[in-house]
Amino acid sequence: SGWVPIEAAPSDSATVGRLVLLVGNPFGAKRHPAPLLTVGMYSRLHAVDDEKAFRGNFQTDAGMTDGNVGGALVDVRGRVLGLATLWDPAATGRNSGIGFGIPWARVLAALPDLQAGRSVKFGSGFLGVTWSQVDGAGGVRIDSIQPGTPAEKAGLKVGDVVVGIDDRPVTRLFQAQEGIRTREVGDKVKVVVLRGETTRLELVVELGKR
């Protein structure tokens, strides 16, 4: 077969200031004797609870284009650090000088779901509300509820402030959105809300189909 499994880099290779090499194959399925290689620095690891789309990924200035995204980001010994990914190329361009890598540990953790044909990030569960960020970090207010939706059936009310989903605290809008978006139709989700000034409720919602 000619293929040799790549070795994972040790954790101390994924540190700010280390060299990062990106190996790509801009010729598609056709194997080429001289793959595209770009070099940059490991500049930052974004927190997993960051509000931005690149949360949990590391940042590098190794050149990324349509031709090498998806390729292996490796250290100077050829050990894999992660997989290259672009973030919002419509806004940032395809050669902005900033690219992101999905850490290898996250890729390994996602493999069972990917092999089973399941989305790692997004499900199709539906709640049936519109909501908005409360000033500061006070949770997420429900602004409207569609009639006949899982939210209404579970007893959620307009004005409720969501402060938790499935035992995870909710202080920002994106946390509430992802608490639902990552679940599937039929999943039962515990939603913790504050109603008025003194009442705290835990409601179980069975997500429906959008």
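State the extension gain, in nm to one decimal, for the chain segment bounded by Asn25 and Arg195, taking 0.36 nm per residue of separation less the distance between their alpha-carbons.
Numbers: separation 170, 0.36 × 170 = 61.20 nm, distance 5.49 nm.
Here the segment from Asn25 to Arg195 would lengthen by 55.7 nm.
What does the accessible area of Ile180 come to, in Å² to the nearest 10, when a probe of 1.4 Å is used?
10
Using the Cα atoms as the points, what is the convex hull volume per residue of the range 90-209 in Å³? The partial results should precede the final answer.
Working: hull volume 18.8 nm³, N = 120.
Once divided by residue count, the hull of the range 90-209 is 157 Å³.
If you fit an axis through the alpha-carbon atoms of helix 104-115 and take the longest principal axis of the Cα set of the chain, what angle between them do you get, 0 to 90°, nearest 10?
Tilt of helix 104-115: around 70 degrees.
At 0.36 nm per residue, and after removing the present C-alpha to C-alpha distance, how many nm does the segment from Ser43 to Leu114 gain when stretched out fully?
Numbers: separation 71, 0.36 × 71 = 25.56 nm, distance 2.87 nm.
Answer, rounded to one decimal: 22.7 nm.
At 1.4 Å probe size, with every protein chain present, just tell me what the per residue accessible area of the chain comes to in Å². Could the numbers behind the result be given before it?
Working: 12380 Å² over 210 residues.
Roughly 59 Å² per residue, with all protein chains present.
Leaving ligands, DNA and RNA out of it, rank Trp3, Trp104 by accessible area with a 1.4 Å probe, largest first. Display every interim value, and only then the final one.
Values: Trp3 185, Trp104 65 Å².
The ordering from most to least exposed comes out as Trp3, Trp104.
Between Arg55 and Arg18, what is 0.36 nm times their sequence separation minus the Cα-Cα distance? Round to one decimal in nm. Please report the intermediate quantities before stating the final value.
Working: separation 37, 0.36 × 37 = 13.32 nm, distance 2.00 nm.
Computed gain between Arg55 and Arg18 is 11.3 nm.
Taking R0 as 22 Å, what's the FRET efficiency between Ser124 and Glu178 from their Cβ-Cβ distance, rounded to 0.05?
Working: r = 14 Å, r/R0 = 0.63.
Taking R0 as 22 Å, the efficiency between Ser124 and Glu178 is 0.95.
Simple spin-label model, 7 Å along Cα-to-Cβ: Thr85 to Glu152 in nm?
Distance between label points: 3.6 nm.
From the protein chains alone at 1.4 Å, what is the descending order of accessible area for Thr199, Thr85, largest first?
Numbers: Thr199 60, Thr85 35 Å².
Ranking Thr199, Thr85 by accessible area, largest first, yields Thr199, Thr85.
Accessible surface of Asp61 in the full protein assembly, 1.4 angstrom probe, to the nearest 10 Å²?
About 80 Å², ignoring ligands and nucleic acids.
I need the Debye-formula profile for the chain: one equal scatterer per C-alpha, no solvent, reported as log10 I(q)/I(0) at q = 0.15 1/Å, two decimals.
The Cα Debye sum returns log10 ratios of -0.97.
Looking at the P(r) of the range 126-182, how many percent of alpha-carbon pairs lie beyond 16 Å? Before the final figure, lay out the partial values.
On the way: 589 of 1596 pairs.
For the range 126-182, the share of Cα pairs beyond 16 Å comes to 37 percent.
In debye to the nearest 20, how big a dipole does the chain give about its Cα centre with +1 on each Lys and Arg Cβ and -1 on each Asp and Glu Cβ? Walk me through the intermediate numbers first.
Details: 25 positive and 22 negative charges, 84 e Å.
Magnitude of the dipole: close to 400 debye.
The values are calculated or read from the model by the stated rules, or taken from the named source; none is laboratory data. As the structure is a computational prediction, the values presented were derived from the model and not from experiment. Every residue, glycine among them, receives a Cβ derived from its backbone with ideal geometry; neighbour counts consider all protein chains shown. Only protein heavy atoms, including side chains, enter the accessible area calculation; ligands, DNA and RNA are left aside. Shrake-Rupley method; radii C 1.70, N 1.55, O 1.52, S 1.80 Å.
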